[in-house]
Amino acid sequence: MNPKRMVRAPLSFGAVLLLGAASLPHPASAAEHYLLVAPHWGARQTAAVEAAGGTLRWTHGPSGLGVVTAEDPAFVDRVLAGGEFQAGMADRVLEWVAPGPVTSAVTPSDDPFLPLQWNLLAVEAPAAWAAACTGAGARVAIVDGGIDADHPDLVANLDAACSTSFVPGQGFDQDVGPFWHGTHVAGVVAAADNGIGIVGVAPEATLVGVKVLHGGAGSFAAVVAGILYAADPAGFGAPGCAPAHVVNLSLGALVPRTGNGALLAALTRAVDFATSRGALVVAAAGGDELDLGQAGDLVVVPAQSGKALAVSATGPVGFALGATDFRRIASYTNFGEDLVYVAGPGGDFVLPGSATCTVAGVTAACWVFDLVLSTNVGGSYAFASGTSPAAAAVSGIAALDLSGHPDTSRGALETLLARTADDEGKPGHDELYGHGFANAFRACVE
């Protein structure tokens, strides 16, 4: 077996993992958890749950969504028979980001790592900054895993008071392992321009951490709750916290439509509620190399949930050797004309050979520099690839757009991203790039 391939395999953590009909087990509990969907959640829905023998965990009136527990396996049939709910089924815990180590963690340096950040050049972020688009005033919710709240590149932009967790027993600033996916994503969006480490696409945007995953795994209920909280903190008991302008979902699961209807309906309801409240929902398209227009019963969520904007990934081959093909479509990205809204820089790992390169004082295998460098747990930095950092870059661009056009509505912002994207690939809208490759500068100055 090729040892290099063994190292590379976990790097494309992307946004999705093919699970088929299987799922990870729920945490041990005497009661099952159920997601219920109603036109609106009010007193009648609560009464129906109680009459059927369920106990409320959380409810969200405007969206009509709620999670309950019940020990009787017949609970869901009984509560649906009452007519107060449109759908409901037992919750599932899935792996939303692929597990495994990410290579080439690097420690902080006295010299900025900006020369390593080809992803910023790809979207023309420095030109947008020069045009006074910095993300100031925009709030981006990172619905993901844990965020290192003490990271020197994140602490200034992180609204820790309004950050929260929907993983029982875990704070928003907790996770496991040497690589924290949520921390990497947060840095791509809005690492501060502070003279150390890296710079995010929107270096003055405000980050809100919403933990829904632990070690890459989490329940549908947690993801749904995280999206709702991002758009409506007051609905979850945080009236002093402002809603997010952008909800970043660098996570996903590839599941069959058959047998998962209620869970998929709940996720769609959450995404569409967020958009109805004015939030732009940006999601990773996933890294299974699949044409989702030809996937039959399979669907990637939340990229294909409601009004979410799915982002495919691009990446160079040989950046450390002088390559500038930043907008080359990545080897692993999912695609499809009905899936991809725009493309963004996610990195790739297909450069052949094992030669070593040194760039900006960092020495690693040359192919490592084709990945995206961002923040990592413990104040460090790490290279990784996938549609996850691609989606994060587009969320950062949206934040830049908002700082340049603070009165822009969600719908207008969505249109602006498409209109100002560079037409790559086939002329016009296509299955790989959607409306094109997102361009921060063009969106800023239009």
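The values are calculated or read from the model by the stated rules, or taken from the named source; none is laboratory data. Computed from a predicted structure; not experimentally measured. Methodologically, a virtual Cβ is constructed for each residue, glycine included, from the backbone with ideal geometry; neighbour enumeration extends over all protein chains shown.
Below are the figures for this structure:
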item	result
Those residues of segment 56-82 which are in contact (Cβ under 8 Å) with a residue 24 or more places away in the chain and loosely packed, with under 12 Cβ neighbours inside 10 Å, in sequence order	Pro73
Matching residues in segment 115-128 - criterion: being touching a residue at least 40 places away in the same chain (Cβ under 8 Å) and surrounded by fewer than 16 Cβ atoms within 10 Å (Cβ to Cβ)	Pro115
All positions within segment 235-286 that are among the polar types (S, T, N, Q) and not in a helix (DSSP H, G or I)	Asn248, Ser250, Thr258, Asn260
Only listed residue being on the phi < 0 side of the Ramachandran plot, β-branched (Val, Ile, Thr), in contact with a strand residue (DSSP E or B) (Cβ under 9 Å, 6 or more places away or on another chain) and free of Cβ contacts under 8 Å to residues at least 60 places away in the same chain, chosen from Thr356, Thr387	Thr356
Pick from segment 287-298, criterion in contact with a Leu (Cβ under 8 Å, 6 or more places away or on another chain) and not in a loop (DSSP other than H, G, I, E, B), ranking: farthest from Thr183 (Cα to Cα)	Gly293
Residue within segment 391-409 that is modelled with pLDDT of 95 or more, surrounded by fewer than 24 Cβ atoms within 10 Å (Cβ to Cβ) and under 19 Å from the mean Cα position of the chain (by Cα) present	no
Enumeration of residues in segment 413-446 that are in a loop (DSSP other than H, G, I, E, B) and free of Cβ contacts under 8 Å to residues at least 12 places away in the same chain	Lys426, Pro427, Gly428
So Gly379, is it on the phi > 0 side of the Ramachandran plot, touching a residue at least 60 places away in the same chain (Cβ under 8 Å) and under 18 Å from the mean Cα position of the chain (by Cα)	no
Single match in Ile227, Ile196 (criterion: in contact (Cβ under 8 Å) with a residue 24 or more places away in the chain, assigned by TED's automatic domain parsing to the domain that holds Ala392 and crowded, with 19+ Cβ neighbours inside 10 Å)	Ile227
Only one of Ala440, Ala364 that is modelled with pLDDT of 95 or more and small (Gly, Ala, Ser)	Ala440
Options Ala265, Ala285, Ala238, Ala244; residue that is crowded, with 20+ Cβ neighbours inside 10 Å, in the same structural domain as Leu417 (by TED's automatic domain parsing) and over 22 Å from Ser385 (Cα atoms)	Ala244
Residue that is farthest from Asp348 (Cα to Cα) [pool: residues in segment 288-300 that are surrounded by 21 or more Cβ atoms within 10 Å (Cβ to Cβ) and touching a Phe, Trp or Tyr at 6+ places or on another chain (Cβ under 9 Å)]	Leu292
Segment 129-152, residues that are hydrophobic (A, V, I, L, M, F, W, C), crowded, with 22+ Cβ neighbours inside 10 Å and not in a helix (DSSP H, G or I)	Cys133, Ala138, Val140, Ala141, Ile142, Val143, Ile147
Those residues of segment 190-220 which are outside any loop (DSSP other than H, G, I, E, B), out of contact with any Cys (no Cβ under 7 Å at 6 or more places or on another chain) and aliphatic (A, V, I, L, M), in sequence order	Ala190, Leu207, Val210, Ala217
From the options Ala418, Ala399, Ala440, residue that is closer than 15 Å to Ala122 by Cα, of a type in the set (A, V, I, L, M) and assigned by TED's automatic domain parsing to the domain that holds Gly135	Ala440
